[in-house]
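Written out below as structure tokens is the structure these notes cover.
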Amino acid sequence: MPNNTIFKPLDPSFKIKLQMNSDWHIGSGAGRPGDVDRLVRRDEDDLPFIPAKTLIGIWRDGCERAALGLDDDAPGGWSAWIPFLFGDQAGQPDEEARPVPKDKLVLPRPAAISVRLARLPEALREAVKGQPATKDAVTFVKPGIAIDPRSGRAKDDFLRFEEMARGGVMLTAVDCRINWEGCNEMQQQAATALLLAGAKLVERIGAKRRRGAGQCEMAIVERDALNACWDWIEALNIADFPKPPEVSTEAALVLNTVQAPDSWACFDLVIETKAPVIVSEQTIGNLVKTLDYIPGAYLLPILRRKLKDKFDVNSAIFSGNLIVTNATIEIADAPGRPVPFAFYHEKVGGGLKLGRGVYNRLQESAPDKQLKGHRAGYIGLLLINDDELPEYKTVKLAVEPHNVVEDKYQRPTEAVGGVYSYQVIAKGVQLRAQLRVCQSLLPKEDENWFTALDGAHAIGRSKKDDYGAVCVKASKAASQQTPPETKNELTVWLLSDLLLRDERLRPTASIQHLAKALSENLGGEKLGMRLEQRDASTFSRQHRTDSWHVGWGLPRPSLVGLAAGTCVVFKIVDPLDKTKPATLDEASRAALKEKLREVEAEGLGERRAEGYGQLCFNNPLLTTPAKDRKRADDTKPEETLTRKPVKNGDTSFNYAHLIEVEALRREIQRAAVGKAATEKGRTEALGFC
């Protein structure tokens, strides 16, 4: 038996360092026409980096070679740890995939390890901010040719230029994690030993790594000394070799009877994206598009995982006593609301972004000018003044290219997916959602139970590597909004998609079914009222949501309903005579007012726990004209960047000195060319022209 006290398992959170010993290239899949054919990928600071997908792919390759060597060149016990650590490779050909028994469903094994991108040292990043010349010296352009195999000379018209990142720097990947759930100490040691051995075998990374580029040394921070690892492997008895844990399947949910909510406790969730986030909306060709918000369905797994010891979360979800709204961009310390479809703007020189030329078509007729409807963006919750437009924001989106490498050929092929792109919510976006829980479910002994949600989480697609890292902060919400005013008309504004069904239980986006659902939830018959659609008062669109069931490997049923931003005005009429308005006494109006407040809190339609069916009534923004409103000037002074020098003795000092020398050389070359371009300059510098 090996000595367990000497060799410790890997910590759940760790860092990876990558020493680049030669120039390297991680391609962006694009170039500059007429200049550079292949550009390197750059981060938000315009500096080269190594994506997590590239890093974890090359690490997996090293672990596979290490496992095959430890198994004496035949897949065995060590090779069985590869799917546990890095997950199943669903994209590889069938002969390389994990066999699936025909008599039962086998879920794809998720990766136990999560790796983040590797970046240049923080001190170096701060030092080059605001210095374009020094920042440009981090990379250089390298010419290349293609050789004709028949003649042995350079091919015609095959001269190319590739951008390369300079070697000699150490990159670091922080916030890497491994999930040890279900593993005993010996299993953790075996997995750690394989990871350390695989990291030692990573010698090259990136493009042209078989032709001299991308030479590197990879190690886990504070796990550089590997003697204890080798001793543990040598002392390991084959009979005692640990097997990886089986894929865990969640137990069936036990639904308890929970009473209908009498009152709600509300909590604000502030979500900051620490890495780009993918919330898949649809796939068009090889482009995966994203939503510009995080649906509540993506937040429910976090709630179930973190709050399971606080109260019965599962029963609360299925009985409608727990709701988490969609996380939309933060505006004035509140969740942004989708722009109402009733808002139109002048096609030239108008719009919420400019703060002028906006019309509320629910209250205003179309002017002589050509109008265009708002189709995207979010607005603030409250108006600053009666004569001002709300603050308007859009979510910053970006597109990131990727590829799938087939192990046999070590390059992207059509058989495994080839090249594709992700549209993402950019890093650094702050979003807000709201958690609502029935008061009777809250734990009495712990008033700060909601702080269990605080911390780092992973959300969305491809969340084990480059994407999905978010930070959540929970707090008690401010006092609930006052109930909406009741009038003879009811203005409805959908704050999220609404899912309804007709008499045949088919999904519907009908306004008539919306009126019917509202009348039933507001107790129309008891109050002696009925909702009827007002003429020329509907601005609605449909929205379809498609998703994929990973376990079954099949598409989920499509969710079709009214889109967020839909605006409808209903008349409150007498149920016996639709031509007459309903006559409500003070008690009925008070009851209707309270019902409206309840529906605003609970939502409407199906899947309300996931954020669907959120709406508000008689918002002042929709019940008043907007053409005379203008937004106040909220421009802020530009921030100035201050340079922080890299100190001598810092690990990145030599690299900083190198790029500064290269930047000076480039400036000297530019000045020399400019001097030599004129006769006067040549005479001054050389004494002759």
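The values are calculated or read from the model by the stated rules, or taken from the named source; none is laboratory data. These numbers were taken from a predicted model, which means no experiment stands behind them. Positions of Cβ are backbone-derived with ideal geometry, glycine not excepted, and every protein chain shown enters the neighbour counts. What goes into the accessible areas is simple: the full protein's heavy atoms, side chains included, and nothing from ligands, DNA or RNA. Shrake-Rupley method; radii C 1.70, N 1.55, O 1.52, S 1.80 Å.
Please work out which residue is surrounded by the fewest Cβ atoms within 10 Å (Cβ to Cβ), limiting yourself to region 359-388 and to residues that are at pLDDT below 85 and hydrophobic (A, V, I, L, M, F, W, C). By that ranking, first place goes to 366. Inside region 30-77, residues that are more than 24 Å from residue 274 (Cα to Cα), open to solvent by 10 Å² or more (accessible area, probe 1.4 Å), out of contact with any Lys or Arg (no Cβ under 6 Å at 6 or more places or on another chain) and not in a helix (DSSP H, G or I) make up a count of 14. A Cβ distance below 7 Å, combined with a sequence gap of six or more or placement on separate chains, defines the contacts here; from region 14-31, residues that are free of Cβ contacts under 8 Å to residues at least 24 places away in the same chain reach residues that are open to solvent by 50 Å² or more (accessible area, probe 1.4 Å) in the pairs 31/37; 31/38. The set of residues in region 178-187 being buried (at least 18 other Cβ atoms within 10 Å of the Cβ) and over 19 Å from residue 79 (Cα atoms) is empty. Screening region 453-482 for residues that are more than 24 Å from residue 87 (Cβ to Cβ) and at pLDDT below 90 and picking the one that is least open to solvent (accessible area, probe 1.4 Å) gives 477. I'd like the full set of residues that are of a type in the set (Val, Ile, Thr) and either at pLDDT below 90 or touching an Asp or Glu at 6+ places or on another chain (Cβ under 9 Å) (or both), limited to region 175-204. 178, 202 - these are the residues of region 175-204 that are of a type in the set (Val, Ile, Thr) and either at pLDDT below 90 or touching an Asp or Glu at 6+ places or on another chain (Cβ under 9 Å) (or both). Taking the criterion of being among the charged types (D, E, K, R) and buried (at least 17 other Cβ atoms within 10 Å of the Cβ), the residues of region 410-452 that qualify are 427, 432, 436.
When residue 208 is tested against the conditions (1) modelled with pLDDT of 90 or more; (2) touching a strand residue (DSSP E or B) at 6+ places or on another chain (Cβ under 9 Å); (3) surrounded by 13 or more Cβ atoms within 10 Å (Cβ to Cβ), the lone failure is (1).
Taking (1) part of a strand (DSSP E or B); (2) basic (Lys, Arg); (3) crowded, with 20+ Cβ neighbours inside 10 Å in turn, residue 306 satisfies each apart from (1).
Check every one of the strands (runs of 3 or more DSSP E) wholly within region 117-204 and list those with 1 or more residues that are of a type in the set (Val, Ile, Thr). Break it down into steps so the answer makes sense when it comes.
Numbers: elements: 139-144, 160-165, 169-178.
Fully inside region 117-204 and qualifying: 139-144, 169-178.
Might you let me know whether region 271-281 holds any residue that is at pLDDT 85 or above and touching a His at 6+ places or on another chain (Cβ under 9 Å)? Within region 271-281 (the criterion being at pLDDT 85 or above and touching a His at 6+ places or on another chain (Cβ under 9 Å)), the answer is yes, since at least one residue qualifies.
Given the criterion surrounded by 23 or more Cβ atoms within 10 Å (Cβ to Cβ), among the aliphatic types (A, V, I, L, M) and within 27 Å of the chain's Cα centre (by Cα), identify the matching residue among 299, 287, 291. If you could, list the steps in order and put the result at the bottom.
On the way: 287 fails: surrounded by 23 or more Cβ atoms within 10 Å (Cβ to Cβ); 291 fails: surrounded by 23 or more Cβ atoms within 10 Å (Cβ to Cβ).
Sole residue among the options that is surrounded by 23 or more Cβ atoms within 10 Å (Cβ to Cβ), among the aliphatic types (A, V, I, L, M) and within 27 Å of the chain's Cα centre (by Cα): 299.
Can you work out which of the residues in region 135-177 that are open to solvent by 50 Å² or more (accessible area, probe 1.4 Å) and among the aromatic types (Phe, Trp, Tyr) is farthest from residue 116 (Cα to Cα)? Top of the filtered list is 158. Condition first: more than 30 Å from residue 51 (Cβ to Cβ), in contact with a Lys or Arg (Cβ under 9 Å, 6 or more places away or on another chain) and of a type in the set (Gly, Ala, Ser). Can you find one or more residues in region 484-504 that meet it? For region 484-504, residues more than 30 Å from residue 51 (Cβ to Cβ), in contact with a Lys or Arg (Cβ under 9 Å, 6 or more places away or on another chain) and of a type in the set (Gly, Ala, Ser): absent.
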